[in-house]
Amino acid sequence: MPVPPSLDQFRGFFRGEFERAVPELEGEDRIPPRLLEQAARLGVHRLSIPPELGGFGLSLPELLPYLEAAAEGPAPGRMIVHLSNGIWRPIAGYGSPEQRQLVTELAEGRTTVAFALTERTGGTGRDLHSRAVRDGDGWRLSGEKHLITFGDRADWFLLAAASDDRRARDSLTTFLLPRDLSGFEIDASQRTMGLHGTGHAWLRYQEMWVPDRHRLGEVGQGLEVALSFLDYSRISLSACMVGLARRALEEAIAYSQRRVTFGRPIAERDAVRAHLADMHADVEAGRGLVRAAAEAYQAGSGVAAAAATAKLFCLHMVGRVTDLALRVHGGFGYTTDAPIERIYRDARGFWFEEGTAEIQQLVVARHLLADTAPAS
Ligand SMILES: Cc1cc2nc3c(=O)[nH]c(=O)nc-3n(C[C@H](O)[C@H](O)[C@H](O)COP(=O)(O)OP(=O)(O)OC[C@H]3O[C@@H](n4cnc5c(N)ncnc54)[C@H](O)[C@@H]3O)c2cc1C
């Protein structure tokens, strides 16, 4: 069985080659092709893909340290690891034999699949405004998506649309669409506050003809297909938040030992030491919740609540930790010469990626109330 890269090797790549490319990532807002080639050679796409589909077969608990390590480096790196090790799940779980073949290409880093749910006009889930209307042996798709990560270069898009107007649980259908489909407009001009290099795009399609073979899963199974990515992704993103928060703490510790005021390193001041201790406790608490959620995923029970709990906590945790890390840096931290400036901006993206804190609160509260609902 093929062996995954060691964690040291893996971290070395994201903290080394990837980190050195920050000026290009920030300046050009795209990942240099040489880094994509190196990432593929290292096997970053295939960590959790099953061996029979060309991967190393790591379980989610085994994947966590890799996600954390990638997230210590610049955001596009962890985004590759997060997306590649998640998007294969709906394809392998619901795809036709032809679609499943794509997973082996994903494993080798030869193809990129983006996840396309969010719309400017509609909400997510049942409120999607994209429409898929049956037309002979295919579909007519109309609507738009935005903020689609790696939309600038993805070869395929896993896209959800409403296949009827009932706005019911079984009203969504998912499609796996090739980029070159006639009538598929992809506009990668969307600029974000941070996460530079992750290539966000608008997708637009009006009456776009889609052969039925591009449908992923059964008609009406779209929510289930999307959730098979989202349950993983909430845990995976939480692990990334732990990694980025740990990096912010590391930067704060190093800076506090370097920076001297009134003849002493600020690390000797009680106020600064208290910040560092609070940050450490926050990171460790987040890591514990992520581990518990990954174990629930592995056991196949209680995943939705555990994943939403981990994400809810980690969203606030990475916000608090990067706030404190910035404060420890003083005004220097607010300049682009300090890595914490980019880390701070990148951390704010987590508020939105694949579900806001408010949506996690809804999920957690729903489970709490269901658990205690009186029998009727
Ligand atoms: C860096 C980044 C990467 C992303 N990558 C992708 C991607 O690859 N694919 C993709 O499909 N999307 C992606 N997104 C989009 C992201 O998933 C959405 O921004 C997020 O889910 C929130 O949806 P929205 O922007 O439509 O916010 P809105 O739904 O407009 O929400 C606005 C506010 O209202 C609150 N709100 C909305 N509805 C409710 C409700 N029912 N109950 C309570 N509060 C509510 C929200 O919590 C939020 O505070 C990305 C976003 C970012 C920033």
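Scan region 148-174 residue by residue and report those that are of a type in the set (Phe, Trp, Tyr) and either part of a loop (DSSP other than H, G, I, E, B) or more than 20 Å from the chain's Cα centre (by Cα) (or both).
Phe150, the sole residue that qualifies.
Going by the structure shown, is Glu119 farther than 30 Å from Leu35 by Cα, surrounded by 17 or more Cβ atoms within 10 Å (Cβ to Cβ), among the charged types (D, E, K, R) and more than 10 Å from the ligand (Cβ to nearest atom)?
no
Condition first: touching a Phe, Trp or Tyr at 6+ places or on another chain (Cβ under 6 Å), of a type outside the set (Gly, Ala, Ser) and away from the ligand (no atom under 16 Å from the Cβ). Can you find one or more residues in region 290-310 that meet it? Quick ask: steps written out before the conclusion?
To start, the set of residues in region 290-310 that are touching a Phe, Trp or Tyr at 6+ places or on another chain (Cβ under 6 Å) comprises 303.
Subsequent filtering for residues that are of a type outside the set (Gly, Ala, Ser) retains 303.
When the remaining residues are screened for being away from the ligand (no atom under 16 Å from the Cβ), the result is 303.
Taking every residue of region 290-310 in turn, at least one turns out to be touching a Phe, Trp or Tyr at 6+ places or on another chain (Cβ under 6 Å), of a type outside the set (Gly, Ala, Ser) and away from the ligand (no atom under 16 Å from the Cβ).
Residues that are over 30 Å from Tyr344 (Cβ atoms) and free of Cβ contacts under 8 Å to residues at least 60 places away in the same chain: list the helices (runs of 4 or more DSSP H) wholly contained in region 47-117 that include at least 2 such residues.
75-94, 97-107
If you scan region 177-195, which residues turn out to be crowded, with 20+ Cβ neighbours inside 10 Å and touching a Pro at 6+ places or on another chain (Cβ under 9 Å)?
Leu195
Does Gly143 count as within 15 Å of the ligand (Cβ to nearest atom) and either on the phi > 0 side of the Ramachandran plot or part of a helix (DSSP H, G or I) (or both)?
yes
Specify which of the listed residues (Gly222, Gly183) is over 18 Å from the mean Cα position of the chain (by Cα), small (Gly, Ala, Ser), modelled with pLDDT of 95 or more and within 17 Å of Glu119 (Cα to Cα).
Gly222
Only one residue in Arg46, Arg30, Arg11 is surrounded by 23 or more Cβ atoms within 10 Å (Cβ to Cβ) and of a type outside the set (A, V, I, L, M, F, W, C). Which one? Step through it out loud before you land on a result.
Values: Arg30 fails: surrounded by 23 or more Cβ atoms within 10 Å (Cβ to Cβ); Arg11 fails: surrounded by 23 or more Cβ atoms within 10 Å (Cβ to Cβ).
Criteria check complete, one pass: Arg46.
I'm trying to understand the selection: among the residues of region 159-171, which are in contact with a Leu (Cβ under 7 Å, 6 or more places away or on another chain) and surrounded by fewer than 19 Cβ atoms within 10 Å (Cβ to Cβ)?
If the condition is that a residue be in contact with a Leu (Cβ under 7 Å, 6 or more places away or on another chain) and surrounded by fewer than 19 Cβ atoms within 10 Å (Cβ to Cβ), then Arg169 is the only one that fits.
For a quick check of your reading of the model, give me the residue pairs whose first member lies in region 267-278 and is more than 19 Å from Met317 (Cβ to Cβ) and in the same structural domain as Arg320 (by TED's automatic domain parsing), whose second is surrounded by 14 or more Cβ atoms within 10 Å (Cβ to Cβ) and not small (Gly, Ala, Ser), with beta-carbon atoms closer than 7 Å and at least 6 apart or on different chains.
Pairs that qualify, where the first residue is more than 19 Å from Met317 (Cβ to Cβ) and in the same structural domain as Arg320 (by TED's automatic domain parsing) and the partner is surrounded by 14 or more Cβ atoms within 10 Å (Cβ to Cβ) and not small (Gly, Ala, Ser), are Val272/Ile266; Val272/Val328.
From the set of residues in region 342-376 that are free of Cβ contacts under 8 Å to residues at least 12 places away in the same chain and of a type in the set (Asp, Glu), which is nearest to the ligand (Cβ to nearest atom)?
Glu358
Can you tell which of Leu223, Leu315, Leu276 is buried (at least 16 other Cβ atoms within 10 Å of the Cβ) and in contact with a Phe, Trp or Tyr (Cβ under 7 Å, 6 or more places away or on another chain)?
Leu315
Among the listed residues Thr198, Thr174, identify the single one that is surrounded by 19 or more Cβ atoms within 10 Å (Cβ to Cβ), under 30 Å from Glu24 (Cβ atoms) and polar (S, T, N, Q).
Thr198
Of the numbered conditions (1) surrounded by fewer than 21 Cβ atoms within 10 Å (Cβ to Cβ); (2) in a helix (DSSP H, G or I); (3) within 16 Å of the ligand (Cβ to nearest atom), Arg327 fails exactly one; give the number of that condition.
(3)
Cβ-Cβ distance below 6 Å, separation of 6 or more or different chains: which pairs start in region 219-240 with a residue that is farther than 25 Å from Ala75 by Cβ and end on one that is assigned to a helix (DSSP H, G or I)?
Val225/Pro90; Val225/Tyr94
Among (1) more than 9 Å from the ligand (Cβ to nearest atom); (2) in contact (Cβ under 8 Å) with a residue 40 or more places away in the chain; (3) touching a Gly at 6+ places or on another chain (Cβ under 7 Å), there is one condition Phe150 misses while meeting the rest; what is its number?
That leaves (1) as the condition not met.
Mind checking which residues of region 118-134 are assigned to a loop (DSSP other than H, G, I, E, B) and either touching a Ser or Thr at 6+ places or on another chain (Cβ under 6 Å) or among the β-branched types (Val, Ile, Thr) (or both)?
Scanning region 118-134 gives Thr118, Thr121, Thr124, His129.
The values are calculated or read from the model by the stated rules, or taken from the named source; none is laboratory data. Quick caveat: nothing in here was measured; it's all calculated off a predicted structure. Neighbour counts run over all protein chains shown; Cβ positions are idealised from the backbone, glycine included.
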